[in-house]
Amino acid sequence: MGQFWLLIYTIICFIIPNSAQLDNTKSFIIRIQNDVKPSVFTDVEQWYRATLGNLNSRKINSEEITDKNPNQDFLHLYKNVFHGFAARLTPQEAKELEQQSGVMAVLPDQIRHLHTTRVVPNASLFGFGKGAAVGVAPKARIAVYKICWGEICQESDILAGLDKAVEDGVHVISISIGGSAIRPFHLDPIAIGAFGAMARGVLVSAAAGNSGPDMMTVVNHAPWITTVGASTIDRRFQADLVLEDGMVITGASVSSGKWKRDPGIIFFPLIHGRNASTGEFRNSKSAFCKADSLDKELVKGKIVVCDRGGIGRVKKGEVVKDAGGVGVIVANVAPHGEGMISDSYTIPGMVITESGRKKLDDYMSSQTNPMAKIVIKGTRNGVKPAPVVASFSSRGPSADSVYVLKPDVIAPGVDILAAWPEDVPPSELPSDTRRSGFNILSGTSMSCPHVSGLAALLKGAHPDWSPAMIRSAMMTTAYTIDSEGKPLRDEESYNESSVWSTGAGHIDPEKAVDPGLVYDITANDYLQFLCAMNYSAQAIGKFSPKPFKCNRKHNKPWNINYPSISIANDSEGSSMREVVITRTVTHVGEGVSTYNALVTSPKGANVTVEPQTMRFAAKGEKQSYKVKIVSDKEVGSWGSMETQSAKLIWTDGKHNVVSPIVVVYQHLL
């Protein structure tokens, strides 16, 4: 494989003063239509500076600016993913700038809240997960761009990182930063920058967010972004809470904290934080073990049960330790369900599920003096079922368009052994003196790099594939059956998962390299999709450097050439019982192939495909087909919410090219 670039965004932890605190200016991102530059200016940068200088509040001559520091008015200049700049402006200046010739958009800058590829032998976190650590694409070259300061990730800096990465010639951008689930595409700088990257042939892989299991929480959901949810793997770091009556409640932990006890003590007293509150905080804060909420006299020498939420999980252990407790149990409450995340507590500690919490509550309420001990069991492999959708993984549908199934895929994102800065404690608590080159981490920020690495492998194997073709290969070969041969389950309840949590399914690297057929999408196709979504010309202009002509007459949003099919109404008062969807596939296999359609219909609908057979004579050949969905009841809007799903499979006997079909029905009163 040749040398391919994989871009991973990282955070370097130091703090700089925020100038927004020093004056009334704020950071704005300004998009410019470069082709209307007046001829009097020799280059666009001079024009940009003059545009700023002509603001009434500045009255600075463009020649004077040129003679000074040329970048004094700019935070960033954007030349690749789109054209424009970032600058600090007062609200009045921003409004005035919107009226300037050539200015297409003035976006308020916002803050976004927040992996090695070489082989590392004997990698572990204090012995947990010990083994050889290797990235998905070990031969990929990595370029890292700093876009965050501490936990602050300014959108203008994110956009600058995207712009520079494209200029440097990367092939894949991996961005594990979340944003708002409800911002429309044209107001989201990451979506705008990712569009520019896609148009230059760069695949953008992004984290879906960690706001699950609530619906419509998925972020980075633009159709030109590969959106990645999180799943478990077949490894768990087991910890047991052993009750004095012999009952064992299984949880998870990578705690390396040691017991401080007399040799003869086997069990410790249990107390729930809500029953150990100081008079000042009562039980509202002590139930979550918030800082200074626990009564030291009541907690001393005991294992404290803390409800999940309110503050960080490892921070709860620190609060318990400061109050004199000897151990901490972090107990899931709704909506976390059965999901478990292993944390590196500074005292003996573990997390238990919501069902485990109920068992523990029943035991504690039945005993005058409840007693227990924590037993850290270490690494356990071969756990079943696996994978399971992580309860925290954000769910679809996309708030901007139900016609694009999001997330696209899921990948490993729970209890992942990840490279870690050796000068930062694994708990990130100032009092923690432990150090390690690796940590156990969870989140869609962990699953996203898995997909980015796979995208790099696919780009290496198929240099001529577009970003859409690479994503298509991952989606159509993804699997939805777990290690026990059952449909993928959801960690929230361990019931069967939905397409809004899995997308097309879990990535399968071996199959993705040879998908048989792929669905390609061009930049113009995406723009026509925005037209079909009734985006205004001004909104579309934020993605297209030149005026774009919409084909609104025959354009429907469900006809975007996506590997999945999703239909619903997007306007009030309208309804559909019959929808015809068009898709085009490209043959990427060798030689002659014949594909036949196999389709299952969603409940309440009948799905037919025409033609039912496609014959390909050569690699690169394209053919189109139509899918007709006839519903027994009206197809409705997202708010009415009844979702049914099925699958369309094109098979030649060797390849199974799978597309999820999603129908949202209207609830009639």
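The values are calculated or read from the model by the stated rules, or taken from the named source; none is laboratory data. What you see is a predicted model; the values in this text were computed from it and never measured. Using ideal geometry, Cβ is built from the backbone for each residue, glycine included, and neighbour counts are taken over all protein chains shown. In case anyone asks, the SASA skips ligands and DNA or RNA and just uses the protein heavy atoms, side chains included. Shrake-Rupley method; radii C 1.70, N 1.55, O 1.52, S 1.80 Å.
So how compact is the range 112-224: Cα radius of gyration and Dmax in angstrom?
16.1, 47
Just going by the charge dipole of the chain, with Lys and Arg at +1 and Asp and Glu at -1 on Cβ, which of 368, 74, 286 is farthest out on the positive end?
With unit charges placed on the Cβ atoms, the residue in question is 368.
Please give, to one decimal in nm, the separation of the simple spin-label points placed at residue 333 and residue 168, each 7 Å out from Cα toward the Cβ.
That separation, rounded to one decimal, is 4.4 nm.
What is the distance, in nm, between label points placed 7 Å from the Cα along the Cα-to-Cβ direction at residue 45 and at residue 479?
Reported label-point gap for residue 45 and residue 479 is 5.3 nm.
Rank these by accessible area, largest first, 1.4 Å probe: 90, 608.
The most accessible residue leads, giving 608, 90.
For the chain, what % of the accessible area comes from carbon and sulfur atoms, probe 1.4 Å?
Looking at the chain in its full context, I get 50 percent from C and S.
In what sequence, largest accessible area first, do 465, 149 appear using a 1.4 Å probe?
Output order, biggest surface exposure first: 149, 465.
Based solely on its DSSP helices, what 222 nm [θ] is calculated for the chain when runs of n ≥ 4 H residues each add -39,500 (n - 2.57) and the sum is averaged over all residues, nearest 500 deg cm²/dmol?
Per the formula, -5500 deg cm²/dmol.
Go ahead and run the numbers for FRET between residue 358 and residue 424, Cβ-Cβ distance against an R0 of 51 Å, rounding to 0.05.
That gives a FRET efficiency of 0.90.
What Rg and what Dmax come out for the chain when only alpha-carbon atoms are used, in angstroms?
Expressed in Å, the Cα Rg and Dmax of the chain come to 27.1, 88.
How much FRET efficiency would the formula 1/(1 + (r/R0)^6) give for residue 367 and residue 603, where r is the Cβ-Cβ distance and R0 is 41 Å, rounded to 0.05?
0.30
Which distance in Å, rounded to a whole number, links the C-alpha centroids of the range 515-535 and the range 410-462?
For the range 515-535 versus the range 410-462, the Cα centre distance is 32 Å.
Going by average Cβ neighbours within 10 Å, how do the peptides 32-41, 301-310, 162-171 rank, with the highest at the top?
Descending packing order for the listed peptides: 301-310, 162-171, 32-41.
Toward the positive end of the charge dipole of the chain, about the Cα centre and with charges on Cβ (Lys, Arg +1; Asp, Glu -1), which of 467, 144, 456 goes farthest?
456
Compute, for the range 154-291, the length of the dipole vector about the Cα centre, with Cβ point charges of +1 (Lys, Arg) and -1 (Asp, Glu) only. Units Debye, rounded to 20.
Here the range 154-291 has a charge dipole of around 420 debye.
Straight distance only, please: which lysines reach the Cα of residue 603 with their own Cα at less than 18 Å, same-chain residues fewer than 8 apart left out?
Partners found: 628, 633, 647.
Quick one: 3J(HN,Hα) in Hz for the range 80-87, Karplus 6.51/-1.76/1.60 with θ = phi - 60°, rounded, Gly and Pro as x.
10, 6, 6, 10, x, 7, 10, 8
Using the Karplus equation 6.51 cos²θ - 1.76 cosθ + 1.60 (θ = phi - 60°), what ³J(HN,Hα) coupling, rounded to whole Hz, does each residue of the range 219-224 give in order, writing x for Gly and Pro?
10, 6, 9, 4, x, 8
Round to the nearest 0.05 the FRET efficiency obtained for residue 322 and residue 98 when R0 = 41 Å and r is the Cβ-Cβ distance.
The value I calculate is 0.20.
What accessible area per residue, rounded to a whole number of Å², is obtained for the chain using a probe radius of 1.4 Å?
Computed with neighbouring chains in place, this is 42 Å² per residue.
May I have the pair-distance distribution P(r) for the range 440-484, computed from all Cα-Cα distances with 5 Å bins from 0 and rounded to whole percent?
Once binned at 5 Å, the Cα pair distances of the range 440-484 give 5, 18, 23, 21, 17, 11, 4, 0.
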